[in-house]
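Below is one structure, written out as structure tokens; comments come after it.
The values are calculated or read from the model by the stated rules, or taken from the named source; none is laboratory data. Everything quoted here is computed from the prediction, not taken from an experiment. Note that we place each Cβ from the backbone using ideal geometry, even for glycine, and neighbour counts take in every protein chain shown.
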Amino acid sequence: MTRVISFSSGKGGVGKTTLATNLGCLWSKAQRKTLLIDGDWALGKLSLAYGLRPEWTIQTVLEGKKPLSECVMRIDDHLDLLASPSGVMGFEELTEEQRNQLFFELDALGTKNYDRILIDHSSGIHWGVLQFAAAAHQHVVVTTPEPTSYMDAYAIMKLLSKRFAIRDFWLVGALCTRLREAERTLNKFMETARTHLDVRVQLLELIPWDSRLIKSFGNKPFVDNYPNDLITERLERVRSRLDFAEPKKFHGLQYFFDTIHS
Ligand SMILES: Nc1ncnc2c1ncn2[C@@H]1O[C@H](COP(=O)(O)OP(=O)(O)O)[C@@H](O)[C@H]1O
Ligand SMILES: [Mg+2]
């Protein structure tokens, strides 16, 4: 079954794109056919993370110039990328018709061709972002251990739980300079979220701050450059824990597609 995994954060610059890019590589290495979707249309740089310039983007699909299947870029044997038009408009600005068209094409293409679809969302809490996030089977929320960041993570979880009845979240603590302190802070934060939002939220992993991750951007992804590194091990744990968790069956693109038509 195709599994859709969403990466959101609220606050920008917390490491979502870095996480999604590296996980895409790890799923590909694990022989899972994976599609990475750049949901950050305002500042989309998922393709740049790989040092690629896209010929076609989501906009090409929406303008009806090409089917979605012809707009994805092949990164390697098991990894494809659907790039964003960058600076044009975002999911939040799609008309209902455009959004439905994109869902329809993604659903048709995804369920046939991919094991995993990773959506790297734009930062901020826009209605359109939430709608795409809601279509996922698994919800990864990325935050740093800073209050400004986890307060935004809280706001995303609040909206997804209240508006879309999503109850299960995976938290990734990114850009951590002091791991033990970060774990303590995020454990406290999760306890608050569980109490006030009535959600299940688990700490998936902590990713340390490391300048090599900055240098990898636009070149080879970190996990390719440093396959035996401790950070790669942490990223691999993220991948395998998401794989082993049973996704909620009633979510996913088809579920969403059904609900917007009912
Ligand atoms: N673990 C890390 N350590 C150091 N820098 C990182 C780490 N993860 C990401 N970065 C850097 O932080 C910046 C923002 O990361 P990015 O993945 O683009 O965040 P987002 O997608 O949430 O906006 C980039 O310059 C990136 O290279
Ligand atoms: Mg990003």
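Condition check: out of contact with any Phe, Trp or Tyr (no Cβ under 6 Å at 6 or more places or on another chain), hydroxyl-bearing (Ser, Thr, Tyr) and modelled with pLDDT under 90. Does Thr148 satisfy that? Please lay out each step first, then the result.
Values: out of contact with any Phe, Trp or Tyr (no Cβ under 6 Å at 6 or more places or on another chain): yes; hydroxyl-bearing (Ser, Thr, Tyr): yes; modelled with pLDDT under 90: no.
It is false that Thr148 is out of contact with any Phe, Trp or Tyr (no Cβ under 6 Å at 6 or more places or on another chain), hydroxyl-bearing (Ser, Thr, Tyr) and modelled with pLDDT under 90.
Among residues belonging to the range 147-165 that are among the hydroxyl-bearing types (Ser, Thr, Tyr) and within 15 Å of Leu197 (Cα to Cα), point out the one that is surrounded by the most Cβ atoms within 10 Å (Cβ to Cβ). Taking the candidates together, the pick is Tyr150.
I'm checking my understanding of the structure. Among residues of the range 124-146 that are within 15 Å of ligand 1 (Cβ to nearest atom) and surrounded by fewer than 21 Cβ atoms within 10 Å (Cβ to Cβ), which one is nearest to Glu183 (Cα to Cα)? Only one residue tops the list, namely Glu146.
Surrounded by 23 or more Cβ atoms within 10 Å (Cβ to Cβ), within 17 Å of Leu79 (Cα to Cα) and near ligand 1 (Cβ under 10 Å from one of its atoms): which single residue out of Leu19, Leu23 fits that description? Even if it seems obvious, please write down each step before you answer.
Values: Leu23 fails: near ligand 1 (Cβ under 10 Å from one of its atoms).
Answer to the check: Leu19.
Among residues of the range 7-56 being within 26 Å of Leu206 (Cβ to Cβ) and among the hydroxyl-bearing types (Ser, Thr, Tyr), the one that is nearest to ligand 2 (Cβ to nearest atom) is Thr17. Within the range 121-144, the only residue that satisfies the criterion of being free of Cβ contacts under 8 Å to residues at least 40 places away in the same chain and within 16 Å of Val199 (Cβ to Cβ) is Leu130.
The residues in the range 112-129 that are of a type in the set (Val, Ile, Thr) and at pLDDT 80 or above can be counted, and the count is 2.
Figure legend. Inter-residue proximity from the range 10-23: first residues assigned to a helix (DSSP H, G or I), second residues surrounded by 22 or more Cβ atoms within 10 Å (Cβ to Cβ) and of a type in the set (Ser, Thr, Tyr), beta-carbon distance below 6 Å, spacing 6+ or different chains. Indicated pairs: Lys16/Ser9.
Does Leu206 satisfy the criteria of being within 25 Å of Val4 (Cβ to Cβ), modelled with pLDDT of 90 or more and surrounded by 15 or more Cβ atoms within 10 Å (Cβ to Cβ)? First the steps, then the outcome.
Details: within 25 Å of Val4 (Cβ to Cβ): yes; modelled with pLDDT of 90 or more: yes; surrounded by 15 or more Cβ atoms within 10 Å (Cβ to Cβ): yes.
Judged against the criteria, Leu206 is a match.
Among the residues making up the range 27-66, those that are closer than 20 Å to Ala136 by Cβ, of a type outside the set (Ser, Thr, Tyr) and away from ligand 1 (no atom under 15 Å from the Cβ) are Trp27, Ala30, Arg32, Lys33, Leu35, Ile58, Val61. The set of residues from the range 158-174 being closer than 30 Å to Asp224 by Cα and either touching a residue at least 40 places away in the same chain (Cβ under 8 Å) or within 16 Å of ligand 1 (Cβ to nearest atom) (or both) comprises Trp170, Leu171, Val172, Gly173, Ala174. Taking the listed residues Thr185, Thr177, the one that is β-branched (Val, Ile, Thr), touching a residue at least 24 places away in the same chain (Cβ under 8 Å) and more than 12 Å from ligand 1 (Cβ to nearest atom) is Thr185, with no other qualifying. Taking each residue of the range 42-67 that is modelled with pLDDT under 80 and polar (S, T, N, Q) and looking for partners that are part of a helix (DSSP H, G or I) and within 10 Å of ligand 2 (Cβ to nearest atom) with beta-carbon atoms closer than 6 Å, six or more apart or interchain, yields nothing. Whenever a residue of the range 232-250 is closer than 17 Å to Leu213 by Cα, its partners that are at pLDDT 95 or above and among the aromatic types (Phe, Trp, Tyr), lying with C-beta atoms within less than 6 angstrom and at least six residues away or across chains, give the pairs Thr232/Tyr226.
Among the residues of the range 103-113, are any of a type in the set (D, E, K, R) and surrounded by fewer than 17 Cβ atoms within 10 Å (Cβ to Cβ)?
Yes, the conditions are met somewhere in the range 103-113.
The residue list Arg53, Arg3, Arg32 contains one member that is buried (at least 18 other Cβ atoms within 10 Å of the Cβ) and basic (Lys, Arg), which is Arg3. Screening the range 212-226 for residues that are over 27 Å from Val4 (Cβ atoms) and not hydroxyl-bearing (Ser, Thr, Tyr) and picking the one that is nearest to ligand 2 (Cβ to nearest atom) gives Ile214.
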